[in-house]
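The values are calculated or read from the model by the stated rules, or taken from the named source; none is laboratory data. If you're wondering where the values come from, they're calculated on a predicted model, not measured in any experiment. Protein only, heavy atoms only, side chains kept; ligands, DNA and RNA dropped before computing areas. Shrake-Rupley method; radii C 1.70, N 1.55, O 1.52, S 1.80 Å.
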Amino acid sequence: MVLEAQVLDMDDDYPPRREAINMCRLSEAKHKVGAVIFRGNRLLGFGHNIDKTHPKWGSGWNHKIHAETRAIYDAVKSGKNLSGSSIYIYRENDLGEALAKPCLHCFNRLTEAGVENIYYSGAWQESESRKTFKLLYSY
């Protein structure tokens, strides 16, 4: 198991990066996040975060559905096995690309679903490119 060991430099034409950016830009949430799950060159699932009002409690109670959870759901509902796959998580704010490290809940869901590599976007030092994905987890 590897935790935060590797940084991947990617250009905008790299399919997982391009698809994660596309998913991110579909979000209408204040903090836009997109996630895509690939095995090799095959897209297994995708999703973006949403703010959702729960009908039971009306408009006063909001909760978020994270992009990672939606990507898992998208893959599983179409019968895809996520064993050996990689997820790429991308976040954007008003200033451009931002840190997109998954929360503990999403991290646990991803590992339980069989996702082997978790990559997230963002620059962590002034010297790093903004076109990088950092490896958080590798099983």
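Residue by residue through the stretch 99-114, what is 3J(HN,Hα) from phi via Karplus (6.51 cos²θ - 1.76 cosθ + 1.60, θ = phi - 60°)? Round to whole Hz and write x for glycine and proline.
Along the stretch 99-114, the couplings run 4, 10, 5, x, 6, 4, 4, 5, 4, 5, 4, 5, 5, 5, 6, x Hz.
Which residues' amide hydrogens lie under 5 Å from the amide hydrogen of ILE50, considering only partners 5 or more residues apart or on another chain, with H built in the peptide plane?
ILE65
Please list LYS101, LYS64 from largest to smallest accessible area, probe radius 1.4 Å, with all protein chains kept in place.
Result of the area sort, largest leading: LYS64, LYS101.
Provide the per-residue ³J(HN,Hα) series for the stretch 26-42, in order, calculated from phi with Karplus coefficients 6.51, -1.76, 1.60 and θ = phi - 60°, each as a whole number of Hz, with x at glycine and proline positions.
7, 5, 9, 6, 4, 9, 7, 9, x, 9, 9, 10, 10, 10, x, 9, 9
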